[in-house]
Amino acid sequence: MDNKWTKEELKAAVEAYIEMRKMEASGQRFHKKQYYRDLSLRFGRTEKSFEYRMQNISHIYDLMGRNWLPGLKPAKNVGTRTGVLIEQLISEVEGQRNPKVIEFESQVSKLRAQQSLAKPEGNKQPNQAQTSTTSYERDPRVKAWILQNAKGQCECCDSPAPFVTAAGEPYLEVHHLHRLADGGPDTTCNAVAICPNCHRALHYAADKTEIADAIYNKVSRLVRHV
(Lines give C-alpha, C1' and ligand atoms only; values in the text may rest on other atoms or scores of the structure.)
Protein backbone atom coordinates (compact mmCIF):
# COMPACT_ATOMS: atom_id res chain seq x y z
CA MET A 1 0.00 0.00 0.00
CA ASP A 2 2.92 2.38 0.73
CA ASN A 3 5.02 1.58 -2.38
CA LYS A 4 5.61 4.45 -4.78
CA TRP A 5 2.90 6.76 -3.43
CA THR A 6 4.13 10.29 -4.06
CA LYS A 7 3.54 13.22 -1.73
CA GLU A 8 1.36 14.74 -4.47
CA GLU A 9 -0.90 11.66 -4.51
CA LEU A 10 -1.14 11.55 -0.73
CA LYS A 11 -1.92 15.26 -0.51
CA ALA A 12 -4.66 14.91 -3.13
CA ALA A 13 -6.18 12.02 -1.17
CA VAL A 14 -5.99 14.02 2.07
CA GLU A 15 -7.56 17.06 0.42
CA ALA A 16 -10.42 14.94 -0.95
CA TYR A 17 -10.93 13.27 2.43
CA ILE A 18 -11.04 16.60 4.29
CA GLU A 19 -13.47 18.02 1.74
CA MET A 20 -15.80 15.03 2.20
CA ARG A 21 -15.41 15.29 5.97
CA LYS A 22 -16.51 18.94 5.89
CA MET A 23 -19.47 18.09 3.68
CA GLU A 24 -20.48 15.27 6.02
CA ALA A 25 -20.32 17.64 9.00
CA SER A 26 -22.50 20.24 7.24
CA GLY A 27 -25.06 17.69 6.06
CA GLN A 28 -24.26 18.07 2.35
CA ARG A 29 -24.71 15.09 0.05
CA PHE A 30 -21.72 13.67 -1.81
CA HIS A 31 -20.59 10.40 -3.38
CA LYS A 32 -17.32 8.87 -2.20
CA LYS A 33 -17.02 6.82 -5.37
CA GLN A 34 -16.91 9.98 -7.46
CA TYR A 35 -13.93 11.19 -5.47
CA TYR A 36 -12.18 7.83 -5.94
CA ARG A 37 -12.96 7.98 -9.67
CA ASP A 38 -11.60 11.52 -10.05
CA LEU A 39 -8.39 10.63 -8.20
CA SER A 40 -8.03 7.45 -10.25
CA LEU A 41 -8.25 9.36 -13.52
CA ARG A 42 -5.84 12.00 -12.26
CA PHE A 43 -3.10 9.67 -11.03
CA GLY A 44 -3.68 6.38 -12.86
CA ARG A 45 -4.31 4.27 -9.76
CA THR A 46 -7.38 2.12 -9.23
CA GLU A 47 -10.42 3.53 -7.46
CA LYS A 48 -10.04 0.74 -4.90
CA SER A 49 -6.50 1.94 -4.10
CA PHE A 50 -7.76 5.39 -3.25
CA GLU A 51 -10.66 4.00 -1.22
CA TYR A 52 -8.22 1.97 0.88
CA ARG A 53 -5.90 4.96 1.22
CA MET A 54 -8.87 6.93 2.55
CA GLN A 55 -9.28 4.18 5.18
CA ASN A 56 -5.62 4.72 6.09
CA ILE A 57 -6.40 8.42 6.51
CA SER A 58 -9.29 7.43 8.81
CA HIS A 59 -6.75 5.44 10.85
CA ILE A 60 -4.54 8.51 11.20
CA TYR A 61 -7.50 10.60 12.34
CA ASP A 62 -8.34 7.86 14.84
CA LEU A 63 -4.79 7.87 16.25
CA MET A 64 -5.00 11.66 16.52
CA GLY A 65 -8.12 11.21 18.66
CA ARG A 66 -10.37 12.80 16.05
CA ASN A 67 -13.54 11.71 14.26
CA TRP A 68 -13.10 9.89 10.99
CA LEU A 69 -15.39 9.86 7.97
CA PRO A 70 -18.32 7.43 8.37
CA GLY A 71 -18.20 4.59 5.87
CA LEU A 72 -14.41 4.61 5.75
CA LYS A 73 -13.49 2.31 8.62
CA PRO A 74 -9.89 2.85 9.75
CA ALA A 75 -7.34 0.52 8.13
CA LYS A 76 -4.14 0.48 10.16
CA ASN A 77 -1.99 -1.27 7.56
CA VAL A 78 0.01 1.85 6.76
CA GLY A 79 3.74 2.34 7.17
CA THR A 80 4.98 4.69 9.86
CA ARG A 81 6.69 7.03 7.38
CA THR A 82 3.54 7.29 5.29
CA GLY A 83 1.44 7.75 8.43
CA VAL A 84 3.68 10.57 9.63
CA LEU A 85 3.43 12.23 6.21
CA ILE A 86 -0.37 11.89 6.16
CA GLU A 87 -0.54 13.47 9.63
CA GLN A 88 1.67 16.32 8.40
CA LEU A 89 -0.51 16.81 5.32
CA ILE A 90 -3.72 16.82 7.37
CA SER A 91 -2.30 19.58 9.56
CA GLU A 92 -1.05 21.48 6.51
CA VAL A 93 -4.35 21.30 4.62
CA GLU A 94 -6.40 22.17 7.72
CA GLY A 95 -4.01 24.97 8.69
CA GLN A 96 -3.44 23.44 12.13
CA ARG A 97 -0.35 22.72 14.22
CA ASN A 98 0.98 19.20 13.63
CA PRO A 99 0.50 17.25 16.89
CA LYS A 100 3.11 14.66 15.80
CA VAL A 101 1.54 11.67 17.52
CA ILE A 102 1.59 9.11 14.69
CA GLU A 103 5.16 7.83 14.91
CA PHE A 104 4.87 7.29 18.67
CA GLU A 105 1.44 5.63 18.52
CA SER A 106 2.47 3.44 15.57
CA GLN A 107 5.39 2.12 17.60
CA VAL A 108 3.10 1.51 20.57
CA SER A 109 0.66 -0.44 18.37
CA LYS A 110 3.40 -2.65 16.93
CA LEU A 111 4.85 -3.35 20.36
CA ARG A 112 1.44 -4.22 21.81
CA ALA A 113 0.99 -6.79 19.04
CA GLN A 114 4.00 -8.77 20.28
CA GLN A 115 3.08 -11.93 22.11
CA SER A 116 5.51 -11.27 24.93
CA LEU A 117 6.84 -7.82 25.75
CA ALA A 118 9.75 -7.47 28.16
CA LYS A 119 9.29 -4.94 30.94
CA PRO A 120 11.27 -1.84 29.82
CA GLU A 121 13.41 0.42 31.98
CA GLY A 122 12.00 3.57 30.35
CA ASN A 123 13.57 7.00 30.84
CA LYS A 124 14.13 8.36 34.33
CA GLN A 125 14.67 11.84 32.92
CA PRO A 126 12.80 12.17 29.59
CA ASN A 127 14.31 14.69 27.19
CA GLN A 128 12.29 17.85 26.71
CA ALA A 129 11.21 19.00 23.25
CA GLN A 130 10.40 22.70 23.00
CA THR A 131 7.44 23.67 20.83
CA SER A 132 4.79 26.25 21.68
CA THR A 133 4.44 24.17 24.84
CA THR A 134 6.80 21.73 26.53
CA SER A 135 6.39 18.08 25.59
CA TYR A 136 8.42 15.02 26.54
CA GLU A 137 10.03 12.26 24.52
CA ARG A 138 8.25 9.17 25.80
CA ASP A 139 9.30 5.56 25.33
CA PRO A 140 6.61 3.74 23.27
CA ARG A 141 7.68 0.46 24.91
CA VAL A 142 6.53 1.76 28.29
CA LYS A 143 3.05 2.63 27.04
CA ALA A 144 2.76 -0.63 25.11
CA TRP A 145 3.80 -2.70 28.15
CA ILE A 146 1.46 -0.87 30.52
CA LEU A 147 -1.53 -1.39 28.20
CA GLN A 148 -0.64 -4.99 27.46
CA ASN A 149 -0.15 -5.76 31.16
CA ALA A 150 -3.54 -4.23 32.07
CA LYS A 151 -5.34 -6.74 29.83
CA GLY A 152 -8.14 -4.30 29.08
CA GLN A 153 -8.99 -3.53 32.72
CA CYS A 154 -8.67 -0.17 34.47
CA GLU A 155 -5.97 -0.32 37.15
CA CYS A 156 -7.88 2.20 39.23
CA CYS A 157 -11.53 1.11 39.34
CA ASP A 158 -11.08 -2.43 37.92
CA SER A 159 -13.75 -1.83 35.27
CA PRO A 160 -13.22 -3.18 31.75
CA ALA A 161 -12.16 -0.73 29.04
CA PRO A 162 -15.23 1.36 28.12
CA PHE A 163 -15.00 0.47 24.44
CA VAL A 164 -12.93 -1.19 21.75
CA THR A 165 -11.15 1.08 19.25
CA ALA A 166 -11.47 0.84 15.48
CA ALA A 167 -8.12 -1.00 15.58
CA GLY A 168 -9.75 -3.69 17.74
CA GLU A 169 -7.94 -2.76 20.96
CA PRO A 170 -9.54 -2.10 24.37
CA TYR A 171 -9.32 1.63 25.04
CA LEU A 172 -7.45 2.66 28.18
CA GLU A 173 -5.29 5.72 28.82
CA VAL A 174 -1.80 5.72 30.32
CA HIS A 175 -1.28 8.10 33.24
CA HIS A 176 1.98 9.03 34.97
CA LEU A 177 1.25 9.31 38.69
CA HIS A 178 4.26 11.59 39.20
CA ARG A 179 3.79 13.89 36.21
CA LEU A 180 6.57 14.19 33.65
CA ALA A 181 6.20 17.97 33.88
CA ASP A 182 7.03 17.69 37.59
CA GLY A 183 10.15 15.62 36.97
CA GLY A 184 8.55 12.19 37.06
CA PRO A 185 10.08 9.30 35.12
CA ASP A 186 8.59 7.65 32.05
CA THR A 187 8.83 4.15 33.52
CA THR A 188 6.49 1.26 34.28
CA CYS A 189 6.82 1.97 38.01
CA ASN A 190 5.28 5.40 37.50
CA ALA A 191 2.54 4.66 34.96
CA VAL A 192 -0.86 2.99 35.02
CA ALA A 193 -3.52 2.08 32.47
CA ILE A 194 -6.84 3.64 33.45
CA CYS A 195 -10.26 4.38 31.99
CA PRO A 196 -10.99 7.96 30.82
CA ASN A 197 -13.22 8.64 33.82
CA CYS A 198 -10.53 7.70 36.34
CA HIS A 199 -7.98 9.64 34.31
CA ARG A 200 -10.04 12.82 34.56
CA ALA A 201 -10.57 12.15 38.27
CA LEU A 202 -6.81 11.91 38.83
CA HIS A 203 -6.46 15.34 37.28
CA TYR A 204 -9.52 17.18 38.57
CA ALA A 205 -11.31 15.35 41.42
CA ALA A 206 -11.35 16.93 44.86
CA ASP A 207 -10.05 13.64 46.29
CA LYS A 208 -7.48 12.99 43.56
CA THR A 209 -4.69 12.55 46.13
CA GLU A 210 -6.67 9.81 47.87
CA ILE A 211 -7.37 8.13 44.51
CA ALA A 212 -3.66 8.17 43.67
CA ASP A 213 -2.79 6.75 47.11
CA ALA A 214 -5.26 3.91 46.57
CA ILE A 215 -3.61 3.07 43.22
CA TYR A 216 -0.15 3.05 44.81
CA ASN A 217 -1.39 0.66 47.49
CA LYS A 218 -3.09 -1.57 44.96
CA VAL A 219 -0.55 -1.87 42.11
CA SER A 220 2.62 -3.52 43.42
CA ARG A 221 5.00 -2.40 40.65
CA LEU A 222 4.46 1.30 41.41
CA VAL A 223 7.11 3.32 43.24
CA ARG A 224 6.48 6.75 44.71
CA HIS A 225 8.79 9.39 43.30
CA VAL A 226 9.39 12.57 45.23
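For the set Val78, Val164, solvent exposure ranked by accessible area (probe 1.4 Å, protein chains only) runs largest to smallest as Val164, Val78. Of the residues Leu85, Leu41, ranked by 1.4 Å probe accessible area with the largest first, the sequence reads Leu41, Leu85. Rolling a 1.4 Å probe over the protein heavy atoms leaves Lys7 with an accessible area of roughly 100 Å².
At an R0 of 22 angstrom, the distance between the Cβ atoms of Ser116 and Ala167 translates into a FRET efficiency of 0.60.
Equivalent ellipsoid semi-axes for the chain, as square roots of 5 times the alpha carbon gyration tensor eigenvalues: give them largest first, rounded to whole Å.
Working: eigenvalues 278, 64, 55 Å².
In descending order, the three semi-axes are 37, 18, 17 Å.
Within the listed set Ala113, Ala13, Ala161, the residue fluctuating most in the Gaussian network model of the chain (springs between alpha-carbon atoms under 10 angstrom) is Ala113.
I need the calculated FRET efficiency for the pair His225 and Asp38, taking r as the beta carbon distance and R₀ as 41 Å, to the nearest 0.05. The calculated FRET efficiency here is 0.15.
Centre-to-centre separation between the Cα atoms of the stretch 186-220 and those of the stretch 73-107: 30 Å. Paramagnetic label reach from Ser159 (point 7 Å along Cα→Cβ; backbone nitrogen cut-off under 16 Å): within the stretch 173-194, residues 173-174, 193-194. Taking GluC sites (Glu not before Pro) in DSSP loop conformation with at most 14 other Cβ atoms inside 10 Å as exposed sites, the chain has its longest uninterrupted site-free stretch at 1-120.
Based on the Cβ-Cβ distance of Lys7 and His203, what FRET efficiency does E = 1/(1 + (r/R0)^6) give at R0 = 30 Å, to the nearest 0.05?
Working from the Cβ atoms, E equals 0.20.
Counting protein heavy atoms only, the chain has 47 percent of its accessible area on carbon and sulfur, 1.4 angstrom probe. Calculated mean residue ellipticity, 222 nm, the chain: -15000 deg cm²/dmol, from DSSP H runs (n ≥ 4) at -39500 (n - 2.57) each, averaged per residue and rounded to 500.
Could you tell me which of the pairs Lys33/Lys76; Lys32/Lys100; Lys7/Lys73; Lys143/Lys218; Lys48/Lys100; Lys76/Lys208 are separated by over 30 angstrom between their Cα atoms in the structure shown?
Values: Lys33/Lys76 21 Å; Lys32/Lys100 28 Å; Lys7/Lys73 23 Å; Lys143/Lys218 19 Å; Lys48/Lys100 28 Å; Lys76/Lys208 36 Å.
The answer is Lys76/Lys208.
The values are calculated or read from the model by the stated rules, or taken from the named source; none is laboratory data. Keep in mind the model is a prediction, meaning the values are calculated, not measured. Every residue, glycine among them, receives a Cβ derived from its backbone with ideal geometry; neighbour counts consider all protein chains shown. Accessible surface areas use protein heavy atoms only, side chains included; no ligands, DNA or RNA. Shrake-Rupley method; radii C 1.70, N 1.55, O 1.52, S 1.80 Å.
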